[in-house]
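The values are calculated or read from the model by the stated rules, or taken from the named source; none is laboratory data. Here the structure is a predicted model, which means the values were calculated and not measured. Virtual Cβ from ideal backbone geometry, glycine too; neighbours counted across all protein chains shown.
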């Protein structure tokens with residue numbers, strides 16, 4: 001579960017680096033759930049300067065390479081103006097039910113504040 005805002009780059013790098021390291025070590029990662037302020041990471045129109053780290057693109061690349069589901073909490077999305085028409089490729093808006101289903105099949109859940 002990712003909870004930090006898109007502009008909190010140190011936290012974003014930490015979460016993505018952890019996911020990459022886990023995958024390299026042979027762990028299976030199927031779902032990343034974006035909650036609270038992290039819902040804005042999935043906005044297609046978010047502008048990031050070319051010399052800054054772009055968490056949206058980093059998650060998209062990781063998801064493409066490892067077939068991860070990038071799920072955004074519907075309540076968090078609505079509070080931040082994120083709707084289906086504004087989503088970046090690879091992200092989906094979903095309810096907590098899908099998050100609970102993913103947790104039910106996981107051996108552990110990590111939260112990145």
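I want to confirm something. Restricting to segment 23-47 and keeping residues that are more than 22 Å from residue 78 (Cα to Cα) and surrounded by 14 or more Cβ atoms within 10 Å (Cβ to Cβ), which single residue is farthest from the chain's Cα centre (by Cα)? Of everything passing the filter in segment 23-47, 23 is farthest from the chain's Cα centre (by Cα).
Against the numbered list (1) touching a residue at least 12 places away in the same chain (Cβ under 8 Å); (2) over 13 Å from the mean Cα position of the chain (by Cα); (3) surrounded by 12 or more Cβ atoms within 10 Å (Cβ to Cβ), residue 78 comes up short only at (1).
Mind checking which residues of segment 1-13 are part of a helix (DSSP H, G or I) and within 14 Å of residue 41 (Cβ to Cβ)? Break it down stepwise before answering.
Taking segment 1-13 as the starting set, the residues that turn out to be part of a helix (DSSP H, G or I) are 9-13.
Selection gives 9, 11, 12, 13.
Give segment 99-113 a look and list any residue that's in contact with a helix residue (DSSP H, G or I) (Cβ under 8 Å, 6 or more places away or on another chain) and part of a loop (DSSP other than H, G, I, E, B), or say none. Residues satisfying the conditions are 109, 110, 113.
Would you check if residue 64 is modelled with pLDDT of 95 or more and either surrounded by fewer than 20 Cβ atoms within 10 Å (Cβ to Cβ) or touching a helix residue (DSSP H, G or I) at 6+ places or on another chain (Cβ under 6 Å) (or both)? Against the criterion (modelled with pLDDT of 95 or more and either surrounded by fewer than 20 Cβ atoms within 10 Å (Cβ to Cβ) or touching a helix residue (DSSP H, G or I) at 6+ places or on another chain (Cβ under 6 Å) (or both)), residue 64 qualifies.
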